[in-house]
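Take a look at the structure set out below.
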Amino acid sequence: PVECLVVDDYEQLLTKLLANATELAWMPPLLLTRAMRAGATVAVVSERDGSVTYRSAILVRSDSPATKVEDLRDVRAAWTDRHSAACHLVPRQHLHAAGVSFGKEMFAGSPQAACAAVADGAADVCGCVVREGAAADPAQALADVSRVYPAATSRLRVIAITEAIPPDGILFAPSVAPADAARYTDVLTELHLYAAGRSVLWDLMSATRLVRPSAG
């Protein structure tokens with residue numbers, strides 16, 4: 001039997017994994033690094049269309065006068081979680097490097113809420129995860145965002161794509177025995193071989209398969 005645990009934020013997820021309150025946890029890259037330093041082990045990383053890296057699309061309202069990030073000043077930014085790479089840290093650094101100043105920053109709690117905040121005028125800019133292939137294709141980037149926030153195609157506009165982001169992954173808690181870890185890894189890396197597994201990977205993680213960290 002498998003029990004799914006949903007927590008309120010990434011910090012709680014890290015705490016529960018390291019306390020062995022859960023055996024497996026899906027984490028973004030920066031939190032993944034913290035977990036490894038504290039004794040957790042990476043089981044698999046996400047692969048999307050043949051790439052284990054991904055990007056962040058920086059978004060504004062479709063009617064925003066800004067056509068590039070350098071046009072933004074004293075922006076109100078909507079992020080998801082402080083530990084999110086694609087929906088906070090990487091897009092914020094991208095904007096900062098371009099000289100963008102921040103007037104107000106909020107943490108909406110989810111990509112959907114952050115996108116909605118921009119679309120509804122409560123914020124000026126947000127970031128959202130997109131696949132590596134969207135790096136040179138704003139249309140694909142917006143299509144990827146629309147999987148998270150369906151109204152994106154009409155209410156949001158991509159003004160930049162960030163640099164590549166290291167992979168997210170699923171980790172084992174420190175207490176997981178090596179034999180169990182090997183068995184779980186085998187199951188995770190074979191999910192894409194089955195229709196139901198492919199559906200779960202795509203719907204939950206926008207991933208096409210899970211691979212061992214050394215792969216790719």
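The values are calculated or read from the model by the stated rules, or taken from the named source; none is laboratory data. All figures in this text were calculated on a predicted structure; none of them were measured in a lab. Every residue, glycine among them, receives a Cβ derived from its backbone with ideal geometry; neighbour counts consider all protein chains shown. Only protein heavy atoms, including side chains, enter the accessible area calculation; ligands, DNA and RNA are left aside. Shrake-Rupley method; radii C 1.70, N 1.55, O 1.52, S 1.80 Å.
Here are the numbers for the structure shown:
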quantity	calculated
Qualifying position, being at pLDDT below 95, aliphatic (A, V, I, L, M), buried (at least 19 other Cβ atoms within 10 Å of the Cβ) and within 20 Å of the chain's Cα centre (by Cα), among L17, L31, L5	L31
Residue match in the range 90-99 (condition: at pLDDT 95 or above, among the β-branched types (V, I, T) and closer than 19 Å to L31 by Cβ)	yes
Near pairs, Cβ below 6 angstrom, 6+ apart or cross-chain, from the range 87-101 (surrounded by 22 or more Cβ atoms within 10 Å (Cβ to Cβ)) to any residue that is not hydrophobic (A, V, I, L, M, F, W, C)	C87/T80; C87/P111; C87/G127; V90/S56; V90/T162; P91/S56; P91/G127; P91/T162
Of all residues making up the range 186-216, the number that are of a type in the set (D, E), farther than 26 Å from S110 by Cα and assigned to a helix (DSSP H, G or I)	1
Failed condition for A66, given (1) in a loop (DSSP other than H, G, I, E, B); (2) surrounded by 24 or more Cβ atoms within 10 Å (Cβ to Cβ); (3) of a type in the set (A, V, I, L, M)	(2)
Filter result for A78 (part of a strand (DSSP E or B), within 24 Å of L204 (Cβ to Cβ) and of a type outside the set (F, W, Y))	yes
Residue in the range 201-216 that is nearest to M36 (Cα to Cα), counting only those that are modelled with pLDDT of 95 or more and open to solvent by 70 Å² or more (accessible area, probe 1.4 Å)	R212
Conditions (1) open to solvent by 50 Å² or more (accessible area, probe 1.4 Å); (2) under 22 Å from A113 (Cα atoms): number failed by D168	(1)
Of residues in the range 82-122 being of a type outside the set (A, V, I, L, M, F, W, C) and closer than 19 Å to D144 by Cβ, the one nearest to the chain's Cα centre (by Cα)	S84
Flag for P150 being open to solvent by 20 Å² or more (accessible area, probe 1.4 Å) and at pLDDT below 95	no
